[in-house]
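A.B. asks: I am attaching a structure below and will ask some questions about it afterwards.
The values are calculated or read from the model by the stated rules, or taken from the named source; none is laboratory data. In this text the structure is predicted, and so the values were computed from the model without any measurement. As a convention, Cβ positions derive from the backbone with ideal geometry for all residues, glycine included, and neighbour counts pool all protein chains shown. Ligands, DNA and RNA are stripped out before the accessible areas are found, and what is left, the full protein with its side chains, is counted by its heavy atoms. Shrake-Rupley method; radii C 1.70, N 1.55, O 1.52, S 1.80 Å.
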Amino acid sequence: MMLYKKIVPWSVFLVLLFSCEEKQEMKEVPNIIWLVSEDNSKHYLKLYDEGGASMPNVEALAKKGVVFNNAFSNAPVCSVARSTIIAGCYAPRVGTQYHRRMQLAPMPEGLKMFPEYLREAGYYATNNAKEDYNFIKSDSVWDESSKKASYKNRKPGQPFFHVQNFHSTHEGQLHFSEDQMDSIPTKTPTENVAVFPYHPDTPTYQYTNAYYRDLHQKVDSEIGDFLNQLEKEDLMEDTIIFYYGDHGGVLPRSKGYVYESGLHVPMVVYVPEKWNHLAPVEMGTRTDAFVQFVDLAPTVLNLAGLAIPTQIDGDPFLGDSVNKENFHQRNTAFGYADRFDEKYDLVRSIRKGKFKYIRNYQPFNVDALYNFYRYKMLAYKEWEELYTNGKLNEAQEQFFKPRAAEALYDLENDPHEIHNLAADPSQQSILRELRSSLQNQVKALPDLSFYPEPYFLEAGLVNPVAFGQQNKTEIAELIDIADLSLKPFEEVKTDLENALKSEDPWKRYWGLIVCSYFGKESYPFFKMGVQLSKYDKNNLVRLRAVEFLLLHLQNVPTDLILEILENAKSEAETNLILNSIALVKTENSELKLNIPKTMFREEWYDKEGDLVNRRLDFINSEN
């Protein structure tokens, strides 16, 4: 029997070849959805805490997914948290750490917002609808980003990445009036909610807690509607679904602060059976592995089978490349808080296992320092009134007092971070370990917040990453000066004097901040402080000298304060100066100062929400 071959035309062969290659390139990948609630820490969900709200739809997702017991936002406020997520970068390294930005920062060179990589790989990427990035955004990040954005507009068979935001738990929902409290009962019985131990247990706090749990149930209903739609569209078995809160909140001492109430968020991830091999943990379980928001971008890219850009700081926690053993060893999270609207601060935290270390670089900045938006909440107003009238216990009044330079908390025994163990002899080993870890972290970034925001905007915003690398040595030196506050005054007195006499203005700047922390111990430097306040060539050094003197009840002429304000070159510099004045007035009610708005550019104060306007209204209203 004779065998023969059928001849295939060359043109047909080429078509078949390219067809096969195209199919290989378009290998099957999962759809990915993020369901994001706003401003809610894990403490308000029954899934995590017994006194939390029942959220049956989230709980049902958790039963067939994974509950992350230790999921953390790196920042306790929207724009900084969302900037961390969209870039996969620590905000203080890339210049997006201030809420909200005075100016938008560029993305690090060579790095794109991660949905762009998904789109390049064939995904349909949509966001409904909040962005709130502190970065300059290109036009190619999303296929759709609006309140009407939907994955439903993709091409047939096209994989999609979709973000659905739910706003009902946002802070603004708690800006209700006393009339509402008196006339609209909550569905959650007020007697059934436990008020946090650092809050006063009053009807206002009971109502606010109960109402906030009602809002969680509203969000859960909205999530249920969304998941039901996925079921109807037969997409559940092809789609990996994340649920998480966008940062902590939102009762007082949460949003804007690096306490667990500001950073520790709920997170549930459902991976359908088809894609189970991409998860290093079994569905229907809980895991203690730590995940941070900086890890979300690389995780999604990894799930999609894409390369992770080297400029990204985070590490994936799902996907083929994730090692199970390494996954279960993840036990560390980094946190940062800087300016929140008009209120300045500089706080960093590191959590390892059950221990949390907080470094307050400007400890005299009391947590309770006035912030216009924050104090729209009745709970904030009442808390301050009770403090003024001496009706709080020790734990409740901590919020209104200067903080320690460093704090250590055992979260297993002190979940609300009330008992600072930094001075406990039995905890010195873990204190030194976490202190060293944080020092290494902020130096390695390097952390751009060790330059004041106005200077960074002027000198570093064009390319924040390059600026940080070019000044990495100086930033490390500034951190070393800041850390003089961790030692006894007599031990660092000479180093402080050298900082105050330095040719480098930012070393003088940080030397004065440390002097303010040491208080009366630093009286040998009062005369030098006077000289710096009057004659230093750097306006912000003069500011810190005035702050140092005023915080310790030294006389400073009003004309000198107004002169420093008049010398401010930008809105950011003006706001930083006004923050110090507001702090001094908060700490020393005897200070009388009236600042005319007309000394500033009208565009800095002509709207109610302008930061300069908010600060001036607060300072002048206290007279």
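Results for (1) open to solvent by less than 10 Å² (accessible area, probe 1.4 Å); (2) closer than 24 Å to Y451 by Cα; (3) of a type outside the set (G, A, S), shown as yes or no for each residue.
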| position | (1), (2), (3) |
| --- | --- |
| V269 | yes, no, yes |
| P272 | yes, no, yes |
| A279 | no, no, no |
| V291 | yes, no, yes |
| G305 | no, no, no |
| G319 | yes, no, no |
| H328 | no, no, yes |
| Y357 | yes, yes, yes |
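A.B. asks: Which is farther than 17 Å from D617 by Cβ and touching an Asp or Glu at 6+ places or on another chain (Cβ under 7 Å), of L532, L551, L560? Before you say what the answer is, go through the steps one by one.
C.D. replies: Values: L532 fails: touching an Asp or Glu at 6+ places or on another chain (Cβ under 7 Å); L560 fails: touching an Asp or Glu at 6+ places or on another chain (Cβ under 7 Å).
Exactly one residue qualifies, and that residue is L551.
A.B. asks: Go through the stretch 39-71 and give me each residue that's in contact with a Phe, Trp or Tyr (Cβ under 7 Å, 6 or more places away or on another chain) and either open to solvent by less than 20 Å² (accessible area, probe 1.4 Å) or within 30 Å of D414 (Cβ to Cβ) (or both).
C.D. replies: If the condition is that a residue be in contact with a Phe, Trp or Tyr (Cβ under 7 Å, 6 or more places away or on another chain) and either open to solvent by less than 20 Å² (accessible area, probe 1.4 Å) or within 30 Å of D414 (Cβ to Cβ) (or both), then K42, Y44, G52, A53, V58, L61, G65, N70, A71 are the ones that fit.
A.B. asks: Only one of (1) farther than 17 Å from V94 by Cα; (2) charged (D, E, K, R); (3) not in a loop (DSSP other than H, G, I, E, B) fails for R330. Which number is that?
C.D. replies: Single failed check for R330: (3).
A.B. asks: Give the residues of the stretch 421-456 that are surrounded by fewer than 17 Cβ atoms within 10 Å (Cβ to Cβ) and not in a helix (DSSP H, G or I), sorted by residue number.
C.D. replies: Matches in the stretch 421-456: A423, D424.
A.B. asks: Moving on to the next point. Tell me whether the stretch 574-594 contains one or more residues that are out of contact with any Ser or Thr (no Cβ under 6 Å at 6 or more places or on another chain), in contact (Cβ under 8 Å) with a residue 60 or more places away in the chain and either assigned to a loop (DSSP other than H, G, I, E, B) or open to solvent by 20 Å² or more (accessible area, probe 1.4 Å) (or both).
C.D. replies: Within the stretch 574-594 (the criterion being out of contact with any Ser or Thr (no Cβ under 6 Å at 6 or more places or on another chain), in contact (Cβ under 8 Å) with a residue 60 or more places away in the chain and either assigned to a loop (DSSP other than H, G, I, E, B) or open to solvent by 20 Å² or more (accessible area, probe 1.4 Å) (or both)), the answer is yes, since at least one residue qualifies.
A.B. asks: Can you spot a residue in the stretch 550-563 that is crowded, with 22+ Cβ neighbours inside 10 Å, part of a helix (DSSP H, G or I) and either at pLDDT below 95 or not hydrophobic (A, V, I, L, M, F, W, C) (or both)?
C.D. replies: No: zero hits.
A.B. asks: Mind checking which pairs have a first residue in the stretch 216-239 that is in contact (Cβ under 8 Å) with a residue 24 or more places away in the chain and a second that is open to solvent by 70 Å² or more (accessible area, probe 1.4 Å), Cβ under 6 Å, 6 or more apart or different chains?
C.D. replies: From residues that are in contact (Cβ under 8 Å) with a residue 24 or more places away in the chain, the pairs are E237/K274.
A.B. asks: Mind telling me which of the residues F372, F334, F340 ends up being open to solvent by less than 20 Å² (accessible area, probe 1.4 Å), within 20 Å of the chain's Cα centre (by Cα), touching a residue at least 60 places away in the same chain (Cβ under 8 Å) and closer than 30 Å to L551 by Cα?
C.D. replies: Among F372, F334, F340, only F340 is open to solvent by less than 20 Å² (accessible area, probe 1.4 Å), within 20 Å of the chain's Cα centre (by Cα), touching a residue at least 60 places away in the same chain (Cβ under 8 Å) and closer than 30 Å to L551 by Cα.
A.B. asks: Kindly indicate which of D295, D246, D313 is under 23 Å from the mean Cα position of the chain (by Cα), open to solvent by 10 Å² or more (accessible area, probe 1.4 Å) and touching a residue at least 12 places away in the same chain (Cβ under 8 Å).
C.D. replies: The unique qualifying residue is D313.
A.B. asks: For the subset of the stretch 458-480 comprising residues that are in contact (Cβ under 8 Å) with a residue 12 or more places away in the chain and charged (D, E, K, R), which member is farthest from L540 (Cα to Cα)?
C.D. replies: Among those residues, the one meeting the criterion is K472.
A.B. asks: While we're on this one: Between Y117, Y133, Y123, which is over 30 Å from F450 (Cα atoms), of a type in the set (F, W, Y) and open to solvent by 20 Å² or more (accessible area, probe 1.4 Å)? I'd like the intermediate steps shown before the answer.
C.D. replies: On the way: Y133 fails: over 30 Å from F450 (Cα atoms); Y123 fails: open to solvent by 20 Å² or more (accessible area, probe 1.4 Å).
Step by step, each of Y117, Y133, Y123 is checked, and only Y117 is over 30 Å from F450 (Cα atoms), of a type in the set (F, W, Y) and open to solvent by 20 Å² or more (accessible area, probe 1.4 Å).
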